Amino acid sequence: MKATITLLPGDGIGPEVTHEAKRVLLAIAEFFGHQFEMREAYLGGCAMDYCGEPLPERTAQLCLESDAVLLGAIGGPKWDNPKATVRPEQGLLGLRKLLDVYANLRPVRAFEPLFHASPLKPERIQGVDIAVVRELTSGIYFGQKTRTSDTATDECIYTKDEIERIARFAFELARTRTGHVVSVDKANVLETSRLWRETVTQLAEREYPTLHLEHMLVDAAAMKLIQQPSYFDVLVTENMFGDILTDEASVISGSLGVLPSASLGEGHRGLYEPVHGSAPDIAGLGIANPIGAILSVALMLRHSFALETEAQAVETAVVEVMRAGMFTPDVALPEHGQVTTRQVGEAVIAAITANEAWY
Ligand code: NAD
C-alpha cells in the first residue's frame with residue numbers, strides 16, 4: 001500500500017524516539033513491500049523557536065494532507081515561562097482539535113520481561129491488557145480560562161454528542177474484546193459527569209445491550225487500577241481523568257517510556273504518539289526508551305492502514321527485544337546491561353526481519 005506520513009519529532013527526547021520509530025516504519029515498508037512517503041515538520045517548542053508559533057501553518061497543512069501523523073513529544077523548561085501567552089502545548093491541543101481526533105486509545109499492558117520494572121507485584125499485574133479510551137478534544141482542557149491576581153477558573157463543558165461519539169468508540173472496541181466496559185466519571189459531584197453517565201447508559205441500552213457496562217467514580221477507579229488492574233478491559237473516560245489515569249497505569253507496564261497511543265476520529269487518519277513527554281532530564285543522552293514510539297507505529301499500521309500482520313510484526317519484535325534483556329536505563333535493574341535508544345531500534349528491526357512467521 002501507499003501512505004503519506006507526517007513526522008513531528010518535537011522537543012526533548014521527541015526527535016530521538018521518533019528517529020527509531022521512523023526506521024521501524026522504513027523497515028516494515030521494505031520488508032512487506034509498502035510505500036510510506038514521510039515528511040517532517042515542526043510542532044511545539046521547536047516550532048516556536050523557528051517561527052514563533054507552536055503549530056505553524058505548514059505543519060497544519062501537511063498533517064491535514066497525511067494519512068497518519070507520528071509525533072514525538074513537545075515542551076520543556078526552555079518554554080516553561082508561566083507568564084507566556086504562547087506555549088508548546090497549544091500546538092498539540094490545536095493539532096488534536098484540527099484533526100478532530102476525539103478518541104485517544106491508550107493500551108496499557110504488563111509485559112512479562114518488564115515485571116521487574118513495575119513497583120506492583122508480578123501476580124498483581126500478570127495478564128493485564130487494558131484499552132483506555134480517553135476523550136481528547138473537549139472538557140476542561142479546552143474550556144474558557146479566567147485569571148485575576150487571586151482567582152482562577154477553568155470551564156468544563158461536554159455536550160451529549162461529544163459523549164456519545166467517544167462512548168460509541170469504546171463500545172465498538174469492546175465488541176472486539178471481552179465486552180466489559182468501565183465508564184469512569186465523577187457523577188456524585190460534577191454536572192458534566194452526570195450528563196456523561198446518563199448518555200453512556202442510554203447509548204448502551206439502545207445500541208449495545210449485549211455489552212457489560214459498569215460505571216465507576218474516578219477516585220475508586222484510581223484505586224482499583226493499582227489494587228486489581230486485571231479487572232479492567234475497556235475503560236472509557238473524559239479528557240482530564242484519562243490523562244491522569246493513564247499516567248498512573250503506566251506503573252503497571254514499568255515505564256512511561258513503553259506506552260503508545262493513537263488518537264482517532266472519523267475516517268482512518270490518526271495521530272500517533274508515545275504517552276510520555278519530552279523528558280528534558282534525559283534529552284540528548286541517547287538513552288530514552290523508544291518502545292512507546294515504536295508501539296505507536298504498530299497502532300498506526302493497525303488503525304490507519306489496516307495492516308494487522310505488520311502491526312503484530314512490530315509488537316512481537318518489541319517483546320522479543322525485551323525478552324533478550326535489551327533495556328534502556330528506565331527499565332534496567334543494576335544487574336542488567338543498559339542499551340541505548342538506537343540499539344533498541346536496531347534490535348527491533350533485526351527481530352522483525354528475522355521472524356520467519358512473516359515470510
Ligand atoms: P515526561 O513524560 O517528559 O517525564 C517524566 C519522567 O519519565 C522523567 O523522569 C523522564 O525521564 C521519564 N521518561 C519519560 N519518557 C521516557 C522515555 N521514553 N524513556 C525513558 N524515560 C522516560 O513528563 P514531565 O517531566 O512531566 O514533562 C516534561 C515536559 O514534557 C514538560 O514540558 C511537559 O509539558 C511535556 N509533556 C509533553 C507531552 C506530550 O508531548 N504529549 C506529554 C506530557 C508532558
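The values are calculated or read from the model by the stated rules, or taken from the named source; none is laboratory data. Predicted, not measured: the structure shown is a model, and the values here were computed from it. Don't worry about glycine lacking a Cβ; one is built from the backbone with ideal geometry, like all the others, and counts go over all protein chains shown. We work out accessible area using only protein heavy atoms, side chains counted, and drop any ligands, DNA or RNA first. Shrake-Rupley method; radii C 1.70, N 1.55, O 1.52, S 1.80 Å.
Taking the criterion of being more than 16 Å from the ligand (Cβ to nearest atom), open to solvent by less than 20 Å² (accessible area, probe 1.4 Å) and part of a helix (DSSP H, G or I), would at least one residue in region 40-60 satisfy it? So far as region 40-60 goes, yes, one or more of its residues are more than 16 Å from the ligand (Cβ to nearest atom), open to solvent by less than 20 Å² (accessible area, probe 1.4 Å) and part of a helix (DSSP H, G or I).
In this structure, residue 10 does not satisfy being touching a Phe, Trp or Tyr at 6+ places or on another chain (Cβ under 6 Å) and within 15 Å of the ligand (Cβ to nearest atom). Residues in region 66-80: is at least one surrounded by 22 or more Cβ atoms within 10 Å (Cβ to Cβ) and more than 14 Å from the ligand (Cβ to nearest atom)? Yes, region 66-80 contains at least one residue that is surrounded by 22 or more Cβ atoms within 10 Å (Cβ to Cβ) and more than 14 Å from the ligand (Cβ to nearest atom). The criterion of at least 2 residues that are at pLDDT 95 or above and open to solvent by 30 Å² or more (accessible area, probe 1.4 Å) is met, among strands (runs of 3 or more DSSP E) falling completely within region 199-270, by 212-217.
Of all residues in region 72-94, at least one satisfies being modelled with pLDDT of 95 or more, within 17 Å of the chain's Cα centre (by Cα) and closer than 25 Å to residue 349 by Cβ. Considering only residues in region 1-39 that are in a strand (DSSP E or B) and not hydrophobic (A, V, I, L, M, F, W, C), the one that is most open to solvent (accessible area, probe 1.4 Å) turns out to be 2. Residues that are in contact with a His (Cβ under 7 Å, 6 or more places away or on another chain), touching a residue at least 12 places away in the same chain (Cβ under 8 Å) and either open to solvent by 20 Å² or more (accessible area, probe 1.4 Å) or in a loop (DSSP other than H, G, I, E, B) (or both) do occur in region 301-311.
So that you can scan it fast, the table gives a plain yes or no per residue for (1) away from the ligand (no atom under 11 Å from the Cβ); (2) among the basic types (Lys, Arg); (3) closer than 27 Å to residue 98 by Cα; (4) outside the structural domain of residue 353 (by TED's automatic domain parsing):
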{"position": "265", "(1), (2), (3), (4)": "yes, no, yes, no"}
{"position": "270", "(1), (2), (3), (4)": "yes, no, yes, no"}
{"position": "276", "(1), (2), (3), (4)": "no, no, yes, no"}
{"position": "284", "(1), (2), (3), (4)": "yes, no, no, no"}
{"position": "289", "(1), (2), (3), (4)": "no, no, no, no"}
{"position": "297", "(1), (2), (3), (4)": "yes, no, yes, no"}
{"position": "310", "(1), (2), (3), (4)": "yes, no, no, no"}
{"position": "317", "(1), (2), (3), (4)": "yes, no, no, no"}
